[in-house]
Amino acid sequence: MDFLNTYLIYLIPVFGLIGIIAMGIKAAWVTKQETGDASMNQLAGYIADGAMAFLRAEWKILSYFVVLAMILLAWSGTTVVTSSPVIAVSFLVGAFLSAFAGFLGMRIATKANVRTTQAAKTSLAKALKVSFTGGTVMGLGVAGLAVIGLGSLFIVFYTVYVVNTGSSVNGEAMARALDVLAGFSLGAESIALFARVGGGIYTKAADVGADLVGKVEAGIPEDDVRNPATIADNVGDNVGDVAGMGADLFGSYVATMLATMVLGREIISDDKFGGIAPVLLPMVIAGLGIVFSLIGASFVKIKSETASVQKALNIGNWTSIILTAIATYFVVQWMLPDGEFHMSRDLANGVLKEGASHFTKNGVFMAILVGLVVGTLMSMITEYYTAMGKRPVLSIIRQSSTGHATNIIGGLAVGMESTVAPILVLAAGIYGAHYFAGLYGVAIAAAGMMATTAMQLAIDAFGPIADNAGGIAEMSRLPEEVRHRTDNLDAVGNTTAATGKGFAIASAALTSLALFAAFVGVAGIEHIDIYKANVLAGLFVGGMIPFIFSALCISAVGRAAMAMVEEVRRQFREIPGIMEYTGKPEYEKCVAISTKASIREMVAPGLIALITPIIIGFAFGPEVLGGLLAGVTVSGVLMGIFQSNAGGAWDNAKKSFEKGCEINGEIYYKKSEPHKASVTGDTVGDPFKDTSGPSMNILIKLMSIVSLVIAPHLNANDAKPAAVNHHPVQKEIRMQAVNSPIKVINKKG
């Protein structure tokens, strides 16, 4: 046990390595599966080539941004004592691993799609195994790279800045180590935002264009090989829902751990790890989550054609959550010392402030449980509002019978209603986590929620793989039973994609609150007073940002979709024989339209998230910036839930007509008038659920991380006594007054 106590910090990257090794094994298994006939392979090749073309174009633009950001970060690292130019290197590593995580997932997804189609010729069970294994590769890759990257960099920075200088783990040196580490999270979230927005614009421009001309005007099935936009549509599933989601959850995973580590530095802990147990705990939980996600994934299987795919996924998910909860109890009991904890910011002249939070290691465990419960409930609520056969989707189906307008009204109402239960769950979770362990409890609750990210992402990524498999089956004109199996997987995939987005926005809310608390401490402000006119103004401006961000994203999809519609119409008009299968559509032109539009249009929304906190912070100070963050967090969470759930419900309402829907005693199928109304609703919901909605969680986290990175600069430029009193060195002096077992160093240390 002494050995483990000494070397636990070095074991954290090992957990990530386990995930990467398992990922490699599963990727090799997927690659060995049969790929089908020449037509299927040709179509899969088009999809893979289009996806890689997009990533190359995106990476070229992002490389310029990364270089510029590194220069600015390196310069800013020289201006305050609690930072370093090394933050630029940390930023580069985070940006690279975020992009690489998305690439790995997309690469295997474009291999798994055609293999899932081939497996669907055999059985539903085989098709599920191939598609879910492909999704598991994505989940393990993201979680493994995140734990390896963050764990390894922390070891380096902790050794250089704290151990080698003999400094206090609660002092200025550790603050510098974590500030430099924040660059890793900033790099990850920056790439995630551009990947999510760019991928979302790409996929929905193609999807909307394909639907409006193909299904509505030409009356041909979805993913019909005659539709010139169908390849771009299938490429979009990969660059948006796989590469974009991978980078998204990579950033969430890292940001959650970082926020908990920053708050953990402020906890005075007499533990077996030199006082850094609260800092190490979130990384250990994340590492264990990889192992238990791997175990949970092994339970995702079915035995018959009539078995429930959703139930199989739920069993795997519940297994990983329960195992994580059990293991976390023993980890917390082992790592954290007995007695009460408090945070150094709760000290004033060596005396605890009135109303300061006290908590124990049992309270920390209860906060983790709260996070797991909140994540589970959010997924269940999202599933209810977006799944086939449930009241919300059925209400949209019924309203489709009276036309396009009532379908849209129904979908908007479902989306708005769907914010109530999740917000109440989040509010209760925040209150409960804070009750058990203060601000650290809120952060560790988010870490508990994100612990099974590998499993959550595997469930999420399986959806677009199944969707692509169905597209290849349709384009290859395979037998109806094959398409029936892929449609089964795709319908479940729509629900899991929606629950994944609900999980992501819930984790973003808790993570942003934790980052917000860390920002307040680092910026040296006591509280944020909304009675002040400037702070209230910042609150309103923050509340507005998700709306203008969404407007830019949705408008971008609209403009790109118009260009796509015109191109598809042109090809139907000018290329003879398309409808008779004798003429070949020019797929590459539609792919080029989506690629160019997404690269061009992703810049403005990304700059809003990056520049706004900097302008507000330096122009008006940290308290106004805090008001801005509060506004954008509340508004962004509501917008994210509303848009993602409305879009998911619209999508499954449309898909319900494939099996037939009973409305007022009459059965309606594809090509009926209610089905056409549902296609319109789904088209409206597409940019909601796949572009602006899921980007909300990255928006609020990225703005919080940017604020945290610039917080030392705002503190250093603030000459007020209140700010000086919260300097990390002053905190060290106060610790001595409460008999902290940690060695207190002098100012030079």
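Overview of results
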item	result
Sites LEU536 and TYR435, calculated FRET efficiency, Cβ-Cβ separation with R0 35 Å, nearest 0.05	0.80
Folded to 0 to 90 degrees: helix 361-386 orientation relative to the chain principal axis, Cα	20
Share of pairwise Cα separations in region 414-540, more than 20 Å, in percent	62
Dipole magnitude (debye, nearest 20) for region 29-124, charges at Cβ of Lys, Arg, Asp, Glu	140
Pairs of Cα atoms farther than 17 Å apart, region 519-651, %	70
Share of pairwise Cα separations in region 1-125, more than 16 Å, in percent	75
Cβ charges +1 (Lys, Arg) and -1 (Asp, Glu), total dipole of the chain, debye	660
Accessible-area ranking of TRP334, TRP650, largest first, probe 1.4 Å	TRP334, TRP650
Size of region 258-316 as Cα extents on the principal axes (Å, biggest first)	56, 20, 13
Coarse-grained scattering of region 81-154 at q = 0.17, 0.18, 0.21, 0.23 Å⁻¹, given as base-10 log I(q)/I(0) from a Debye sum over alpha-carbon atoms	-0.69, -0.73, -0.86, -0.94
Descending Cα extents along the principal axes, region 344-488, whole Å	75, 35, 20
Cα principal axis extents for region 174-317, largest first, Å	70, 40, 16
LYS60 accessible area, 1.4 Å probe, all protein chains in place, Å² to nearest 10	120
Net +/- balance of residues flanking ASP686 in space, Cβ distance below 9 Å, scoring K and R +1, D and E -1	-3
Structure-based [θ]222 nm, the chain - -39500 (n - 2.57) summed over DSSP H runs of at least 4, per residue, nearest 500	-26500 deg cm²/dmol
For region 165-209, the fraction of alpha-carbon pairs in successive 10 Å shells from zero, as %	23, 26, 20, 15, 11, 5, 0
Cα long-axis angle, helix 38-76 against the chain (0 to 90 degrees, to the nearest 10)	30
At 0.890 mPa s and 25 °C, Stokes D of the chain from Kirkwood alpha-carbon radius, µm² per second	95
Relative contact order of the chain, defined on C-alpha pairs under 8 angstrom at six or more residues apart (%)	21
Cα-Cα over 30 Å, subset of LYS126/LYS390; LYS532/LYS701; LYS26/LYS361; LYS26/LYS121	LYS26/LYS361
Semi-axis lengths, Å, region 633-718, gyration tensor of Cα atoms, sqrt of 5 times eigenvalues	44, 9, 7
Cα-based equivalent ellipsoid, region 463-505: semi-axes from gyration tensor eigenvalues, Å	24, 9, 4
At most 12 other Cβ within 10 Å, DSSP loop - chymotrypsin sites (Phe, Trp or Tyr not before Pro), region 652-719	TYR669
Unit charges at the beta carbon, dipole of region 1-155: most positive-side option, SER98, VAL67, MET138	MET138
Overall dimensions of region 496-597 by Cα: Rg and Dmax, Å	23.7, 72
Exposure of GLU474 as accessible area (Å², to 10), given a probe of 1.4 Å and all protein chains	50
From the C-alpha gyration tensor of region 546-620, square roots of 5λ in Å	40, 10, 6
Accessible surface, 1.4 Å probe, highest first, among residues VAL93, VAL163, VAL706	VAL163, VAL93, VAL706
Sequence of ARG483, ARG196, ARG569 when ordered by accessible area, the most exposed leading, probe 1.4 angstrom	ARG569, ARG483, ARG196
The chain: angle of helix 453-475 to the longest principal axis, Cα-based, in degrees nearest 10	20
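The values are calculated or read from the model by the stated rules, or taken from the named source; none is laboratory data. Computed from a prediction, not measured in an experiment: that's the story for all the values here. Note that each Cβ is placed from the backbone with ideal geometry, even for glycine, and that neighbours are counted across all protein chains shown. All accessible areas refer to the heavy atoms of the entire protein, side chains included, with ligands and DNA or RNA removed. Shrake-Rupley method; radii C 1.70, N 1.55, O 1.52, S 1.80 Å.
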